[in-house]
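Asker: Quick one: structure below, then a few questions.
Nothing in this text is a laboratory measurement; each read-out follows from the coordinates by a stated rule. From a predicted model like this one, the values you see are computed outputs, not experimental measurements. With ideal geometry, Cβ positions are generated from the backbone for all residues, glycine too; neighbour counts draw on all protein chains shown.
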Amino acid sequence: MSEKKPPSAPKPGDQKPKAGPKQAASAAPPENEAADAAGWAAGEGAEVEAAIETLQAENADLKDRLLRAVAEMENLRRRTEREKSETAKYAVTAFARDVLSVGDNIARTIDAAPENEIARDPALKALLEGVQMTERELLNILERHGINKVVPKGERFDPNRHQAMFEVENKDVPAGTIVEVVQAGYVIEDRILRPAMVGVAKGGEKLPKPPAEPPKAANDDSPQSPDSPEDGGPGDGKVGINVDKSA
């Protein structure tokens, strides 16, 4: 019969190591892992939302700046075009004012010619006709450059367009009617170049003054009203002036 061997003592390497802190943590219940994952996801989501809001705010700011820049460039373009057009129209303003004095002297020469002598003196008649032709040619040249003569006789007096020199007692016409033109006026395009010097009737029936916007002088560079066509308004930017083209 074989002899029974006593149980051998466990070897040092056969002993199971004790669980360390990491293993204890890894052995944590699954509920804690889900809570940690949810917290991390919530933190990451908040950061992403904050970043999105920041980018959206920056995008809105850049869009607003772009729209403002585009609007400013469009306004600058329109203003430049308007100034360019006005410069082309009114560039001869100063020169035209100097030329008007020449036209005034020619008109005075024609008015000073004695009618009874003209019929009897062929030389004087020919001279007068030559002066009248010179006046007509001068007016035609001015007209080609947008400058027109204004003879407002019979019109209502307008202080924005006319300069009253005296009053005439006349009950046959409404008060404020122009009955005499001492010196003709001129307009350049749609602006007053020189107001007409006139005599105004008084003593007649008074008529109500019509509402009207004052015309701009030829040297007036102030911005146009919103009713002007350059600014998209309904007005046509013109003034109601009787232009004499018969000469």
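Asker: Wrap a convex hull around the Cα atoms of the range 33-148, take a quarter of its surface area, and give that in square nanometres.
Answerer: On the way: hull surface 43.5 nm².
Mean projected area for the range 33-148: 10.9 nm², to one decimal.
Asker: Assign one of three labels to the range 71-204, namely rounded, prolate or oblate, based on the Cα gyration tensor with a ≥ b ≥ c the square roots of its eigenvalues; rounded applies when a/c is under 1.5, prolate when it is not and a/b is larger than b/c, and oblate otherwise.
Answerer: Values: a/c = 3.90, a/b = 1.40, b/c = 2.79.
Oblate.
Asker: With a Förster radius of 30 Å, plug the Cβ-Cβ distance of Asp98 and Phe166 into 1/(1 + (r/R0)^6) and report the FRET value to the nearest 0.05.
Answerer: Step by step, r from the Cβ atoms, then E = 0.65.
Asker: Right, another one. Add +1 for every Lys or Arg and -1 for every Asp or Glu among the other residues with Cβ under 9 Å from the Cβ of Val200, and state the total.
Answerer: Spelling it out: positives minus negatives among the neighbours equals -1.
Asker: Here is a further query. Determine the gain in length on full extension of the stretch Asn105-Glu49; use 0.36 nm per residue of separation and subtract their C-alpha separation, reporting nm with one decimal.
Answerer: Details: separation 56, 0.36 × 56 = 20.16 nm, distance 8.40 nm.
Between Asn105 and Glu49, full extension yields an extra 11.8 nm.
Asker: Same structure, new question: Between Gln183 and Arg136, what is 0.36 nm times their sequence separation minus the Cα-Cα distance? Round to one decimal in nm. All intermediate terms of the calculation are to be shown ahead of the outcome.
Answerer: On the way: separation 47, 0.36 × 47 = 16.92 nm, distance 1.67 nm.
Roughly 15.3 nm would be gained on extension.
Asker: Provide the packing ranking of 140-151, 187-198, i.e. peptides ordered by the mean count of other C-beta atoms within 10 Å per residue, highest first.
Answerer: Numbers: 140-151: 16.8, 187-198: 21.5.
Ranking the peptides 140-151, 187-198 by packing returns 187-198, 140-151.
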